[in-house]
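Right, one structure below, let's go through it.
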Amino acid sequence: MDRSLHATGSTLIDHRWESVVTTLAGFTTRPDLIHLGIWDGMGDFATTGPYFRIHGRRWALTSGTLACSLDRTVLSNDDVPDVYHVPHLAWPDDREWVIAWDTDEEHVYSVGGSSEAIASVLAIDGLRGDIVPYGTPADGWTR
């Protein structure tokens, strides 16, 4: 991968992201290899690739440990160290779960995984969630 992730032990990023990721850590055999997608349209996350496309958007792909996905220095632009991004997509190498965050919704995560993994995420104190069956159209559920 173009961008090798290494945790530095600095301040962790967004507490909601931290809560969800650390909860899901118990539901993967590969916390040592997490794949992250960051929307290229953020403009200030510099990478030379690799990239992939979903629904017309280009995403920078990078990989590292679970700890890296929580470290703001790892997810910052080298030219602007105070700017960092919570990944828009994350999944472990064993694909036991996935987290997706729409680029336009700053506080809404979608999580896919086993029933046990989802129950654990829903039990996180301070988070609110709804179970939406796979394939439900976006207008088929409300908050």
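The residue that is modelled with the lowest pLDDT, counting only those in region 104-132 that are under 20 Å from HIS55 (Cβ atoms) and surrounded by 14 or more Cβ atoms within 10 Å (Cβ to Cβ), is TYR109. Being within 16 Å of the chain's Cα centre (by Cα), assigned to a loop (DSSP other than H, G, I, E, B) and modelled with pLDDT under 80: is that true of THR73 here? Criteria met by THR73.
The values are calculated or read from the model by the stated rules, or taken from the named source; none is laboratory data. Note that this is a predicted model, so its numbers are computed, not measured. FYI the Cβ positions are ideal-geometry reconstructions off the backbone, even for glycines, and counts take in every protein chain you see.
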